[in-house]
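Down below is the structure, laid out as structure tokens.
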Amino acid sequence: MTAQLGALVDQFAGTALNSAVWNQSSAGAVGIDAPGRAYVTVSAAYPALGSGPWDGTGQAVYAKVTPAPAGAGGAGVQTLFKVQLDGNNSAYLVVRPGVSFQAFVYNAGTASAVNLPAYDPTAHAWWRIRETGGSFVFEAGPDGAAWSTLATLAHTWPVTAVSFFYIAGTFDGTLGGAAYLEHLNTPLGAAGTLPAWPRISFGVAFNVGGTQSGTPYWTDLTARLRDSWTATQAGRQYELDAVQSGTATVTLDTTDGALDPTNPAGPYYGMIRPFRRARLAATWPPSRNWLPQGLANGTSTADTQLTGGSRTVATAAPAPTGHTRAVAWSYPVFSGSVSCGLGATTAAFTSCDQDAVPVLGQPGQAPGQQWTFSVYASIATGGPAGLQLSGRISWYRQDGTRITPSDSAPVTLPTAPGWTRITVTAAAPAGAVWARVSLISPATTVTTVAGTVYLTGWQFEQSATVSPWTDPGGTFALWGGYVERWRQRWPKGVAYGTVEVGCVDALAGIARLTLQPSLQQTLAALGPSMMYAFNEPAGATQFADATGRRTARLPLAAPSGAGSATITSGTTVQGAGSVGNAGPVVTITNPNPGQIVSQAGMYIGPPPSGPFGPPATGGWTRIICFRTTVTPSNRMALWTSFAPGAAGGTGSKAYIELFIDSSGHFNAALSNADGSATSSFGVSDVFCPNGAWHIGIVQLSSDGKTFTVACDNFGYQDSTTGDFHPTGCTTESIGGLVIGSASYLLYSGDLAYAVEIPYEINNDRAFDIGVGFSLGWSGDTSTQRAQRILTMAGYPGQLASLDGVEVMGPANLAGQNAGAALQVVADSEAGQVYADPSGVVTLAGRRWRYLQATPAVVFGDGPGEVPYLGDVSVDLDPDHVYNTVQVTNQVGAGAEQPPDTFASNSVSAGEYFPSSLARTINVQDQGEPLYAAQYLAGQYAEPQPRVSRVTVDPSSNPGLWPALLGLSFGTRARLNRRPNASPNAIQLDTYVEQLEWKGDDQGQLQLSLQQSAAAPYSGWLIAAALHTTLAAPATAGASTVTLAALTGSAANSAASVLPGGTVLTVGYGTAGAETVTVAPGGVATTTPGYTSVAVTLTAPLARSHVAGEAVCQPLPAGVTLPGTAAYPASLDPAATLTATGGPRAAY
């Protein structure tokens, strides 16, 4: 009896082929060149790695395939993956990289052929031929788990005794290459490695923590992982709960004491501290290539840095690997060395970068091992002839400094369409922790014309020799945040030490801060050198610097006495114009304010120990808030700093004076030490003595040449060719000008916030502070407000926003922790705030869930569904029925709180008992609290079927990885349950509310999900699918596509039409059509009238696509799509329901 073809299994684990298995192979042309990899050398004789006979009935043969490279002009190089009965009857896939990719079936010598989509070395990394029902199915995939059907062709011959062949040949004389085969009918590799198991990485950035914003150097600690680990992403159990911060716990081996913070000999001594940044990631499919996927296949410049010229992604002549996309490095005429290579933020290759590859820390890595870098290069026609480049590996120490790099000999680049492969191999030197790879021109290079170099097929591998290019797989964040604790343990006695690393995400760090009043917190976040808020209680006799950097200021009598003047602390804020300042404030009452002759009175003196005046170098900003009803006869000083020579004495003539002039306008004047650069001008747009609050802001640029004066967001600039810096000041006063035994220009009115910031804050920021002071930032969108709170809390990153557009009321943040303040923003938006898997704080607007019409993943036991473990129950949940809703709309500090708004649902209350829900929001529209209450009372009037925690086990089913690694908070999902005794299948649409990954060092990895019902969000929808086209070609492996204008582009931004999580079909109606999902925050910023938009996807494309292919939301096969201008028909050009002439939709 003939063995089945599926039993032909070979890991290629030995040093030589098993001749008993490979009994139909070409002698001398086949073998094993590395553990796990067989080869066939290209020749005109078409040598083969062959085995047979096998019974192919209902069987499949698959493998990871690396076709023979095309070589220099090698259009005739072919690689065949073949099942054959005899010379006249066979089925095979054949590729000529960059030329053609085809499927053939020969029946009695007659060929049936299908031209397949252009060969893509990422999307078509694995090949499979499967026999079923008299036909052969030809399939390919990126990872050996997810397969796409390329063609199906019938056969007429018996398959009970067939042979398998892997063939590499040439019909144009090109020699020197080889085709490679790995993982034949098995996911196992040479050393028991599993390509169907993602590469897990746990890293800590010992150099960056807390609110620091430096470049993180990720120390890989994966090899130290022991026992089990858990990573719970930010989320919640139910959709109305506040989002809980994410946590992670891992156990690391520290038998060598390396992670003992008290060990002075440890490599991380002094760096093991709380709140160092941490991340957990999975790379799928795993690969020997350690470079980022977009760089490796030439489809992205996101991980590319250079020291000369510019770079973009371009279409190039096919490389020997089949790549047609490349990093196009364009450079001007230059002499000397320029570089282009791996990096995310750091252009100079003399220091480390967050993209640097760890050469220590992963299992199997050790000091001194050999590494090889390779890349295919070509120079565009017209570039400098004879240009040479060397491959370079730059090695870095733990502190990020570079060790002597390793360079290849210079290689002369061929002109396109020719290619050359530049390689360099070197041992990691002592002390090396990371490496970056790059190309560099020799120091003696001199060019006379500009040019462009094409670079693709990048690879960096732990190997002593260069190997065939392989895709590195995509890297998916599982968890990101900060190490909170390093707990030393000795679970098996003192000989075996571990450290339990407890981690929290950014939300936990943010929640540690209790916010001050909104304006004060904003000013504090700017890093002032002093901030006198003047908010002391009544009876205070000194005024503290809120930064703690300066000593307290004192209320002082003028040299000639106080007279009847007073300084009163603890005054309640009165008058308009100050929504952002809740007070209290200080009041100065001088009986003769604004006089040019010396007067008795009171003022606020300088810090007793100084300093006096603003910084002598660099830029600076001074801010003061004031309210008065006095129009001075001369001028009334708010804040002054003077040198002796500025008031009739000798020495420096420098001064800086903020005052109200005789016209009632805010004014500022300054002079440098010798009086050669002076300026004085007022803000005539604002009359200040009107009993309302005003804010004055003055700035000096770092070079001292530009002086800016602003009041209430009206501002003016003056400039000099000299330097305005007022150096040598010896006195400083608030509320007057006091020099020696005289006091002038005394102030009468209220004061708050005398602030100095040691840099020029710029006009945009000054305007924003003015809006905050006068309006409390009422009018912020929810996105702006959330970012504002994050900035106040010191969060170093940028908020990711998924269509957060609610218009907020005035900020009233005092006394809340920053996390609670963010939750109010989310509740106002009826959205969610959370930390995504990479640790980025994200705000999702309300529309985000409504517009996810199609689930991104389906759990169940049917075909194409993700099977789950038996821990699921479905409950018609009465605990989240709410029919009496109370909404409080938060108002600005000091404003009168209006009555709460109520809404109820009497029908629901009658059926399920009255049940209350209270929410606090902060919106500008005073009618919206009622809408919010009515919305919630309707949304939660009925019990919803809810599913308990769902657990899936991809470690036992590798085909699940593509569906699961891209999931995140808020993703729409579906659960199917098919009870055995019931004819009805249960189908529940849900949203993911929390994800928890659990793994261990024994190969277990599971994902558990909390989910909420999607039914309340399935409101009235218009059945009209989004429809557009690709504006530019898209290459397999790319994670970003460029789309033509979307529906409603004339009036809307692209992000408002295409939210994150939207499922799209790229190439609808073509053989290469595939389904993709828009990444959260993945739609580039556009303005109405845009013509194209870049869209980032949750996973790389599996296939290449040409410009003009249709892109739409999923539709049944065979639908004829009308032109984009007329589609969808139910909407007008602005994507709304009405247009001139009446409604477009019947309802």
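Each reported figure results from applying straightforward, stated rules to the coordinates on display, with no laboratory input. Predicted, not measured: the structure shown is a model, and the values here were computed from it. Note that each Cβ is placed from the backbone with ideal geometry, even for glycine, and that neighbours are counted across all protein chains shown.
Counting Lys and Arg as +1 and Asp and Glu as -1, what is the net charge of the other residues whose Cβ lies under 14 Å from the Cβ of Ile403?
Here the count lands on +2.
When the helix-only estimate is applied to the chain (DSSP H runs of n ≥ 4, each -39,500 (n - 2.57), divided by the residue count), what is the mean residue ellipticity at 222 nm, nearest 500 deg cm²/dmol?
Details: 11 runs with 84 residues, N = 1147.
One gets -2000 deg cm²/dmol as the mean residue ellipticity at 222 nm.
Summing +1 for each Lys or Arg and -1 for each Asp or Glu, what net charge is found among the other residues whose Cβ lies under 13 Å from the Cβ of Gly144?
-2
Normalising by the residue count of the chain, find the relative contact order in percent from Cα pairs under 8 Å and 6+ residues apart.
9 percent
Using a Debye calculation, one point per C-alpha and no hydration shell, please list log10 I(q)/I(0) for segment 542-694 at q = 0.10, 0.20, 0.21 Å⁻¹ in order.
-0.39, -1.68, -1.75
Taking the radius of gyration and the Kirkwood hydrodynamic radius from Cα positions alone, what is the Rg/Rh ratio for segment 95-243, to two decimal places?
My calculation of the ratio gives 1.15.
Quick one: if you take sqrt(5λ) for each eigenvalue of the C-alpha gyration tensor of segment 5-182, what semi-axes come out, biggest first, whole angstrom?
22, 19, 16
How large is the dipole of the chain about the Cα centre if only Lys and Arg carry +1 and Asp and Glu carry -1, each at its Cβ, rounded to the nearest 20 debye?
1400 debye
How large are Rg and Dmax for segment 647-734 when calculated on the C-alpha trace, in angstrom?
Taking only Cα atoms of segment 647-734, I get Rg and Dmax of 13.6, 40 Å.
Taking Rh as the Kirkwood radius computed over C-alpha pairs, what is the Stokes-Einstein D of segment 857-1017 at 4 °C in a medium of viscosity 1.567 mPa s, expressed in µm² per second?
Taking Rh from Cα pairs, D becomes 70 µm²/s.
To check my understanding: the extent here is largest minus smallest coordinate of the Cα atoms along each principal axis. What are those three numbers for segment 293-471, in Å, largest first?
45, 33, 27
Stokes-Einstein diffusion coefficient for segment 335-396 at 20 °C in a medium of 1.002 mPa s, Rh from the Kirkwood formula over Cα pairs: what value in µm²/s?
The Stokes-Einstein estimate is 148 µm²/s.
Between Arg487 and Asp877, what length comes free when the chain is fully extended (0.36 nm per residue of separation minus the Cα-Cα distance, one decimal in nm)? Don't skip to the end; give the middle numbers.
On the way: separation 390, 0.36 × 390 = 140.40 nm, distance 4.02 nm.
My answer for the length gained is 136.4 nm.
Multiplying the sequence separation of Thr475 and Gln926 by 0.36 nm and subtracting their Cα-Cα distance, what value in nm do you get?
157.8 nm
Tally Lys/Arg at +1 and Asp/Glu at -1 over every other residue whose Cβ is under 10 Å from the Cβ of Leu876; what's the total?
On the way: positive: Arg946; negative: Asp875, Asp877, Glu942.
Its environment carries a net charge of -2.
What percent of all Cα-Cα pairs in segment 193-340 falls in each 10 Å bin, counting up from 0?
P(r) for segment 193-340, in whole percents per bin: 9, 23, 27, 24, 14, 3, 0.
Counting residues in segment 782-850 as N, plug N into 2.2 N^0.38 Å and put the Cα Rg over that result. Don't skip to the answer; put the middle values down first.
Numbers: Rg = 11.1 Å, N = 69, 2.2 N^0.38 = 11.0 Å.
Output field value: 1.01.
Over all alpha-carbon pairs of segment 185-266, lay out the pair-distance distribution in 5 Å bins, whole %, shortest bin first.
Reading the bins upward from 0: 3, 10, 12, 16, 18, 15, 12, 8, 5, 2, 0.
Starting from the eigenvalues of the Cα gyration tensor, five times each then square-rooted, give me the equivalent ellipsoid semi-axes of segment 919-990, largest first, whole Å.
After scaling each eigenvalue by five and taking roots: 36, 20, 8 Å.
Calculate the FRET efficiency for Ala385 and Ala317 from the Cβ-Cβ distance with a Förster distance of 25 Å, rounded to the nearest 0.05. The partial results should precede the final answer.
Working: r = 18 Å, r/R0 = 0.71.
After rounding to 0.05, the efficiency reads 0.90.
Rounded, prolate or oblate: pick one for segment 10-112, where a ≥ b ≥ c are the square roots of the eigenvalues of its C-alpha gyration tensor, a/c under 1.5 means rounded, and failing that, prolate if a/b is larger than b/c, else oblate. Numbers along the way, then the final one.
Values: a/c = 1.74, a/b = 1.07, b/c = 1.62.
Judged from the Cα gyration tensor, segment 10-112 comes out oblate (a/c at least 1.5, b/c at or above a/b).
Within the chain, what's the longest run with no trypsin sites (Lys or Arg not before Pro) in a DSSP loop and at most 14 other beta-carbon atoms within 10 Å? Give the range, please.
550-1147
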